[in-house]
Amino acid sequence: MINGSSQRWMQQQPVERNKGFRGRACVSLAVVSLVLLAFSRPGWAQEFNCTVQFTLANLSGGSDYTFLSDLRTDLEEYINQTVWTEDRFDPDERIECGFNVQFVEAITLTRFRASVVITSKRPVYGSSQETRIVTIADQDWIFEYAQGNPIVSNLDRFDELTTFIDYYLFILLGYDYDTFAELGGTAYFERARRLADLGKSRSGSGWSDLAGERSRPALVKELLDPRFKDLRSAYFRYHYEGLDQFIRDPNTARDNVLDILGQLRDLADGNARSYAIDLFFSAKSEELASLFLESVQSGPAYDLLSEVDGAHLSSYSRLIN
């Protein structure tokens, strides 16, 4: 848990948060590009507090792959010790995230296929609670790693290992900044798109447009598509007008969330198979049910949620039982 009185929240009033720390997300890509290549600097804390987990049960001859524990440690250090933005992050402001890597097969002794679940969270203003921002499941990561190989990022050169990690870190940054300022994550989604284009140019596994509607290029394309501006606006409003206001005025917060759900319903009507919309509800369905449980808005909430997110109807059914 992150303490609700952390320095990030002490430095800014709720009504000003979109102008504050994460609100400075829309910086020039030129500046971002220079900073991204830098590592630890005195006086700067890095952006992520990330945990990397490996599951190796599917690899036969498990003792042959003990060196992968070095990779797990190196990836955590790479993610957590690299400076990814130009903003100053105090230690208690770092983004909590996770990469849960399940190895599917060893193609060779140094080449692997894995599926990965990527998550990130952010604190809720005025409380000790955290809220999950996004959970992304990627089923098609193929990469090369030999024992002792250093992990070095070059944002202008495709690498099966680091380009994958870098892409998802920029996606997580974009989502996080979007919750603190309306469209605040655009610079980071743009960087993720450049990496997706780099992957496509090299015909990397999982980077092709032919990989389907749930591919890496498809996700960032939706996030930057003007048609999905209302979805990204909903991320900001849901956290700022909903969760962050809940302790102070729960009824108003619920009314705000109802309005946001109506906005998402209208968006979903024209984009029924949207990957990005599905990710919103995959992360928020249980939280939404808890938010409206035993409230005067539970009925209208159920009507909206059952219409826009039938995939999680079992979660919402308790609103009317």
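All of the numbers you see were taken from the coordinates with simple rules; none came from a lab. Here the structure is a predicted model, which means the values were calculated and not measured. Glycine gets a Cβ as well: all are built from the backbone with ideal geometry, and neighbour counts include every protein chain shown.
Side notes on the structure shown:
- Calculated from backbone phi, Karplus (6.51, -1.76, 1.60) coupling profile of the stretch 100-106 in Hz, x at Gly/Pro: 9, 9, 10, 6, 8, 7, 9
- A simple charge model with +1 on the Cβ of Lys and Arg, -1 on the Cβ of Asp and Glu and nothing else charged puts the dipole of the chain at about 380 debye relative to its Cα centre.
- The charge dipole of the stretch 73-173, taken about its Cα centre with unit charges on the Cβ atoms of Lys, Arg (+1), Asp and Glu (-1) only, comes to about 260 debye.
- Virtual spin-label span in nm between N321 and Q102, 7 Å along Cα→Cβ: 2.6 nm
- Ranked K229, K200, criterion: other C-beta atoms within 10 Å, fewest first: K229, K200
- Partners of K221 within straight-line reach, counting aspartates and glutamates whose Cα lies under 14 Å from its Cα and excluding those fewer than 8 residues away in the same chain: E190, D197, D209, E213.
- With neighbours defined as other Cβ atoms within 10 Å of a residue's Cβ, the residues I107, I171 order from fewest to most as I107, I171.
- For S115, the shell of other residues with beta-carbons less than 9 Å away shows a net charge of -1, using +1 for Lys and Arg and -1 for Asp and Glu.
- Most positive-pole-ward Cα, L71, A311, A253, against dipole of the chain from beta carbon charges: L71
- Computed from point charges on the beta carbon alone (+1 for Lys and Arg, -1 for Asp and Glu), the dipole magnitude for the stretch 232-319 about its Cα centre is near 160 Debye.
- Using just its DSSP H runs of length 4 or more, each adding -39500 (n - 2.57), the chain gives a mean residue ellipticity at 222 nm of -13000 deg cm²/dmol after division by all residues.
- For the chain, the relative contact order comes to 15 percent (Cα pairs under 8 Å, sequence separation of at least 6).
- The label point for D255 and the one for V296, both projected 7 Å from the Cα toward the Cβ, are 0.9 nm apart.
- The label-point distance for E213 and E190, in a model that sets each label 7 Å from Cα toward Cβ, rounds to 2.9 nm.
- Estimated FRET transfer efficiency (R111, L224; beta-carbon r; R0 41 Å; 0.05): 0.80
- Potential lengthening between A311 and E130 on full extension [0.36 nm per residue; Cα-Cα distance subtracted]: 62.8 nm
- Top positive-direction residue, dipole computed over the chain with Cβ charges, set V296, S120, N149: N149
- Those trypsin sites (Lys or Arg not before Pro) in the stretch 105-183 that DSSP places in a loop and that have at most 12 other beta carbons within 10 Å: R157
- For N271 and Q147, the FRET efficiency from 1/(1 + (r/R0)^6), where r spans their Cβ atoms and R0 equals 56 Å, is about 0.80.
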